[in-house]
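Here the structure comes first, spelled out in structure tokens, and everything after it is commentary.
The values are calculated or read from the model by the stated rules, or taken from the named source; none is laboratory data. Quantities reported herein were computed from a predicted structural model and do not represent experimental measurements. Don't worry about glycine lacking a Cβ; one is built from the backbone with ideal geometry, like all the others, and counts go over all protein chains shown. Only protein heavy atoms, including side chains, enter the accessible area calculation; ligands, DNA and RNA are left aside. Shrake-Rupley method; radii C 1.70, N 1.55, O 1.52, S 1.80 Å.
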Amino acid sequence: MTIARKISLALLIDQATGTHPASWLHPDTNPAGSTDIAHYRAIAQIAERGKFDLFFVADTPAARTENLHAWSRFPMYMNALEPVTLLTALAGATSRIGLGGTVSTSFSEPYNVARQFASLDHLTAGRAAWNVVTSANDYAARNFGHTALPPHALRYERAGEFVDVVRELWNTWDDDAFVRDRARGLYFEPTRMHVVRHQGKFFTIDGALNIARSPQGHPVIIQAGASDTGRELAARTAEVVFASDSNPESAKTAYDDLKGRMAKYGRDPTSLRILAGLPLMVGRTQAEAEEKHQRLQEMMHPDVGRFRLGTDLEMDLSDLPLDEPIPAERLPKSANLHKAFFDGIIKIIREENPTLRQLYLRYERGRKTIKGTASQIADVMEHWFSLGACDGFMMQFHTLPGGLEEFVNGVVPELQRRGLFRLDYQGATLRDHLGLARPANPNSAPG
């Protein structure tokens, strides 16, 4: 009997108060939550009550050191707990939800990452996931003795080798290597240990991981690269991918493209879950949801609005009056960094000629917030999922824990009623939740 596909749900934590730039100003959030473990425990427990697959922590290993007039009012990553430390603290406060975190391949060593996440997988009884990133800002580079990040292609080449080495280390031991045989006085079987001897462009390893193979075989590997190079790395190594397409049709095209790349690496498309980013605002009516979102937008300080808009227009807006349109002669002719974001802003300017304030209040970087009732939100999710544009969603709540609580209390029951989402966890590990097979150890003799 074929089991019907179910939506996978992950919760994105990039700020403790929510994903909106003004979330820390909202009266229902905890502005000190970024270093408050009780705050994170409460959020993780709400997500677990909602049967989420994964609690996921985004990260960059750096504070911003420029444009502090804006970052001081939009403190993303300016005061953040280290992800593996945070997830370890959450291990005992949860029992079923997966716990995933970001660690950069550009500023870490494979042995440390392998050991950290194998340890987390043991501590959580099989709920760990590692988000593989190469980092994308020079603030991080300067923290590690570099003036700037290496070129994009070189970062991804290193990341590919990095993941290969980590997986080799995770396979140091057979599943049954630690026999702990008191009668024979034998703690482990020497023949069931596999020393890693790796000589590559970036890493040389001659050793072994000093921790047993973890409950999941190895932690789930996450990736979010949107470039062609990133998609190739995902097709070869990732088990979960975060996608950011703005409409279901383009998402479907990207979904098919990524899954279509997997065969050349000997992988089945079902061994990868693609989760679409979904920022949303739930209300008792659509009008209420729209009003709640607009209220948050209006809390955003003009310095933040100017800065976020100027970043994607690739120009300085700090000297321009808020209640007048941006002068046409000041606008760049083309984008060097994020063409899609730039073109979207220029389109609004040409069609509507808004004031600077109207423009930044309207602008949302990337995917637009879905605003509506629980039933309307469920309609959107069902459409994306049924179309085959995703296997689930990376949920982005503008305020935490309130936005999550509204979703768990309203949207989750609606998805369950439609048969699209689980009524309860059916397994113990993150792989169980996602429907991913436990990887065999290629070093082990067939038994």
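Shown here is the pair-distance distribution of the chain: with all Cα-Cα distances grouped in 10 Å bins from zero up to the longest one, the shares run 4, 19, 30, 27, 14, 5, 1, 0, 0 percent.
Here, P(r) means the percent of Cα pairs in each 5 Å bin from 0 to the largest distance; for the range 122-216 it is 2, 11, 15, 17, 16, 14, 11, 6, 4, 2, 1, 0.
Looking at the chain alone, DSSP beta bridges between its own residues are antiparallel in about 15 percent of cases.
Normalising by the residue count of the range 1-148, find the relative contact order in percent from Cα pairs under 8 Å and 6+ residues apart. Intermediate values should be presented prior to the final figure.
On the way: 196 pairs, mean separation 34.1, N = 148.
Reported as a whole number, the value is 23 percent.
Legend: residues Thr102, Thr311, Thr191, sorted from most to least accessible area (1.4 Å probe; ligands, DNA and RNA excluded), read Thr191, Thr311, Thr102.
If you run the Gaussian network model on the chain, springs between alpha carbon atoms under 10 Å, then out of Leu154, Leu12, Leu280 the most flexible one is Leu154.
Cβ-Cβ distance of Thr355 and Val380, R₀ of 22 Å, FRET efficiency by 1/(1 + (r/R0)^6): the value works out to about 0.10.
Which whole-number value in Å² is the accessible area per residue of the range 337-416, probe 1.4 Å? Spell out each step's value before the answer.
Values: 3310 Å² over 80 residues.
Value returned for the range 337-416: 41 Å² of accessible area per residue.
Computed from label points 7 Å out along Cα-Cβ, the spacing between Thr311 and Asp181 is 5.9 nm.
Quick one: Debye curve from the alpha-carbon atoms of the range 229-362 only, equal weights, vacuum; give me log10 I(q)/I(0) at q = 0.09 Å⁻¹ to two decimals. The Cα Debye sum returns log10 ratios of -0.42. So how far, in whole Å, is the C-alpha centre of the range 52-92 from the one of the range 321-396? Going from one Cα centre to the other spans 24 Å. Amide H contacts under 5 Å for Gly98: Leu54, Phe55, restricted to partners 5 or more places along the chain or on a different chain, H placed in the peptide plane at 1.01 Å from N.
Of the cross-linked pairs Lys347/Lys368; Lys252/Lys333; Lys6/Lys252; Lys259/Lys368; Lys339/Lys368; Lys6/Lys259, which ones have a Cα-Cα span greater than 22 Å in the structure shown?
Numbers: Lys347/Lys368 15 Å; Lys252/Lys333 31 Å; Lys6/Lys252 17 Å; Lys259/Lys368 25 Å; Lys339/Lys368 17 Å; Lys6/Lys259 18 Å.
Over 22 Å apart, Cα to Cα: Lys252/Lys333; Lys259/Lys368.
What a 1.4 Å probe finds exposed on the range 70-214 is 51% carbon and sulfur by accessible area, rounded to a whole percent.
Taking the Kirkwood radius as Rh and the Cα radius of gyration as Rg, the range 50-201 has a ratio of Rg/Rh equal to 1.06. For the range 279-295, the Karplus equation 6.51 cos²θ - 1.76 cosθ + 1.60, evaluated at θ = phi - 60°, returns couplings of x, 8, 9, 9, x, 5, 9, 5, 4, 5, 4, 4, 5, 4, 5, 5, 4 Hz by residue, with Gly and Pro reported as x. For the range 327-333, backbone phi angles converted through the Karplus equation (6.51, -1.76, 1.60; θ = phi - 60°) give residue-by-residue couplings of x, 4, 6, 8, 6, x, 6 Hz, Gly and Pro being listed as x.
Measuring only protein heavy atoms, the 1.4 Å probe finds Lys368 accessible over about 110 Å². Principal-axis analysis of the Cα atoms of the chain puts helix 152-170 at an angle of about 30° to the longest axis. 3J(HN,Hα) couplings calculated from phi for the range 189-195 with the Karplus curve 6.51 cos²θ - 1.76 cosθ + 1.60 (θ = phi - 60°) are, in sequence order, 7, x, 6, 9, 10, 10, 5 Hz; Gly and Pro show x. Only DSSP H runs of four or more residues enter the estimate; each adds -39500 (n - 2.57), and after division by the residues of the chain the mean residue ellipticity at 222 nm equals -11000 deg cm²/dmol. For the range 328-395, the equivalent ellipsoid derived from the Cα gyration tensor has semi-axes of 31, 16, 9 Å, listed largest first.
Computed on the range 140-273, with alpha-carbon pairs under 8 angstrom and 6+ residues apart, the relative contact order is 18 percent.
Considering only protein heavy atoms, what per residue accessible area in square angstrom results for the range 61-110 with a 1.4 angstrom probe? Write down the numbers at each step before the final one.
On the way: 1970 Å² over 50 residues.
Dividing the accessible area of the range 61-110 by its residue count gives 39 Å².
Take the chain and mark each of the GluC sites (Glu not before Pro) that is in a DSSP loop with at most 16 other Cβ atoms within 10 Å; the longest unmarked stretch, sites excluded, is 67-313.
Set the Förster distance to 30 Å, then compute FRET efficiency between Ala212 and His152 from the Cβ-Cβ distance, nearest 0.05.
Numbers: r = 37 Å, r/R0 = 1.22.
It comes to 0.25.
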